Amino acid sequence: MKIGFIGLGHMGNPMARNLAKHGHALKVYDVVPELARKLAEQGCEVATSAVDCARGVEMVVTMLPSSPHVRSVYLGEYGVLAAIAPGTPIVDCSTIDPLTAREVAMDAKAKGCPMIDAPVSGGVAGAEAATLTFMVGGDVPDFERSKAVLQCMGKNVVHCGGSGNGQVAKICNNMMLAIEMIATAEGMTLAAQLGMDPKVFASIVNTSSGRCWSSDTYNPFPGVLENVPASRDYAGGFGADLMLKDLTLVTDAAKSARQPVLLGALAQQIYQKHSVDGHGGKDFSSVILQYMKA
Ligand code: NAD
């Protein structure tokens, strides 16, 4: 297939490379020309704009930072929808708010182009190893049509329901993860402060009812687990600012649905403070630093 790929950052670059590895012909575009040049060295055609990237391709895939970027790439005089041939399937893998995903998909449909939202989990490592999980919102036939392409970049491709539901799954999952990470940070630091060995405490939690992914697989307390960001000064992993972005999306979505998210809103504020304190570039488990005494 000839695929137009727009947004070649931390995630988009390895995802595009994996599509090329599977024999797809890629036409790529990013506002940062250097990022497209890297892929040109691997045989990809470089487009001069988003509009140009959508011309003469059989599918468009985007991996952009957030909702305003998705709007600007698709809509308006110089957007993808101005140039794309009717019938061309569109896959947006960016994490954005569900309402924007639904609006852009409706505009695409009006142009005769089926669009699915397919945000991912798995991070940069998952993008590189082609082991991402795709959470897909859209009509079933459009999901089925795009599945083989998504499988070149990930190992789990899950249909979540109608348009926007991929985003719903992504942001609600990450809200639960943030709350669970903060709870683990709070419990671990209190136990240590009250005199327990953090490793012993974690082993008890992990065979008791306090166990969760943040306690047994990604523990935020330094030295409890090897090979996690907590044991390398919170370098790498999933950035605290990306978690803050997802928490802001989820609290905004909750506002529009008039649904209380008491702990989600508190988690958003905790990550906002963490970012203001200068930790936004560290892994999100570094939120435990909010509880550690200097
Ligand atoms: P990134 O900032 O590294 O990459 C985004 C790219 O989009 C950049 O290269 C940027 O230049 C480009 N871009 C911005 N506006 C553009 C435009 N108008 N036209 C063309 N290109 C444009 O971000 P990322 O880490 O690759 O994340 C992409 C998306 O994936 C985000 O929505 C993020 O929330 C989500 N995500 C990221 C991770 C992660 O670990 N990095 C994990 C899961 C999901």
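Name the residue that is surrounded by the fewest Cβ atoms within 10 Å (Cβ to Cβ), counting only residues in region 1-59 that are in contact with a Ser or Thr (Cβ under 8 Å, 6 or more places away or on another chain) and outside any helix (DSSP H, G or I).
Once the filter is applied, the top-ranked residue is Glu58.
Go through (1) at negative phi; (2) free of Cβ contacts under 8 Å to residues at least 60 places away in the same chain and name the single condition Gly56 misses.
All conditions pass for Gly56, except number (1).
Conditions: (1) in contact with a Phe, Trp or Tyr (Cβ under 8 Å, 6 or more places away or on another chain); (2) among the β-branched types (Val, Ile, Thr); (3) free of Cβ contacts under 8 Å to residues at least 24 places away in the same chain. Thr189 meets all but one. Number of the miss?
Going through the list (1) in contact with a Phe, Trp or Tyr (Cβ under 8 Å, 6 or more places away or on another chain); (2) among the β-branched types (Val, Ile, Thr); (3) free of Cβ contacts under 8 Å to residues at least 24 places away in the same chain, Thr189 breaks only (3).
Within region 5-53, how many residues are more than 10 Å from the ligand (Cβ to nearest atom), within 23 Å of Leu81 (Cβ to Cβ) and touching a residue at least 60 places away in the same chain (Cβ under 8 Å)?
2
Within region 218-250, track down each residue that is surrounded by fewer than 20 Cβ atoms within 10 Å (Cβ to Cβ) and among the polar types (S, T, N, Q).
Answer for region 218-250, where residues must be surrounded by fewer than 20 Cβ atoms within 10 Å (Cβ to Cβ) and among the polar types (S, T, N, Q): Asn227, Ser231, Thr248.
Conditions (1) in a helix (DSSP H, G or I); (2) in contact (Cβ under 8 Å) with a residue 40 or more places away in the chain, marked per residue:
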| site | (1), (2) |
| --- | --- |
| Gly195 | no, no |
| Phe201 | yes, no |
| Thr207 | no, no |
| Gly223 | no, no |
| Ser231 | yes, no |
| Met243 | yes, yes |
| Leu247 | yes, yes |
| Ala253 | yes, yes |
| Ala265 | yes, no |
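Taking the stated definitions as given, is Leu75 over 17 Å from Leu19 (Cα atoms), surrounded by fewer than 24 Cβ atoms within 10 Å (Cβ to Cβ) and within 12 Å of the ligand (Cβ to nearest atom)?
yes
Among the residues of region 96-133, how many are at pLDDT 95 or above, under 22 Å from Arg17 (Cα atoms) and assigned to a loop (DSSP other than H, G, I, E, B)?
Count: 4.
Counting just the residues of region 123-170 that are among the hydroxyl-bearing types (Ser, Thr, Tyr) and within 15 Å of the ligand (Cβ to nearest atom), which one comes out surrounded by the fewest Cβ atoms within 10 Å (Cβ to Cβ)?
In this case the residue turns out to be Thr131.
Quick check: is even one residue across region 128-135 among the aromatic types (Phe, Trp, Tyr) and under 20 Å from Thr217 (Cβ atoms)?
No, because not a single residue in region 128-135 is among the aromatic types (Phe, Trp, Tyr) and under 20 Å from Thr217 (Cβ atoms).
All but one of (1) surrounded by fewer than 20 Cβ atoms within 10 Å (Cβ to Cβ); (2) polar (S, T, N, Q); (3) assigned to a helix (DSSP H, G or I); (4) not assigned by TED's automatic domain parsing to the domain that holds Asp241 hold for Asn173; which doesn't?
(4)
If you scan region 69-100, which residues turn out to be in contact (Cβ under 8 Å) with a residue 40 or more places away in the chain and touching a strand residue (DSSP E or B) at 6+ places or on another chain (Cβ under 9 Å)?
Selection gives His69, Val73, Val80, Pro89, Val91, Cys93, Ser94, Thr95, Ile96, Pro98.
Could you pull out the residue among Pro86, Pro65 that is outside any helix (DSSP H, G or I) and within 14 Å of the ligand (Cβ to nearest atom)?
None of the other options fit; the residue is Pro65.
Condition check: assigned to a helix (DSSP H, G or I), among the charged types (D, E, K, R) and closer than 16 Å to Asn18 by Cα. Does Lys147 satisfy that? Explain how you work it out, then say what you get.
Numbers: assigned to a helix (DSSP H, G or I): yes; among the charged types (D, E, K, R): yes; closer than 16 Å to Asn18 by Cα: yes.
For Lys147, the condition - assigned to a helix (DSSP H, G or I), among the charged types (D, E, K, R) and closer than 16 Å to Asn18 by Cα - is met.
The values are calculated or read from the model by the stated rules, or taken from the named source; none is laboratory data. If you're wondering where the values come from, they're calculated on a predicted model, not measured in any experiment. Cβ coordinates were reconstructed from backbone atoms using ideal geometry, including for glycine residues, and neighbour counts include every protein chain displayed.
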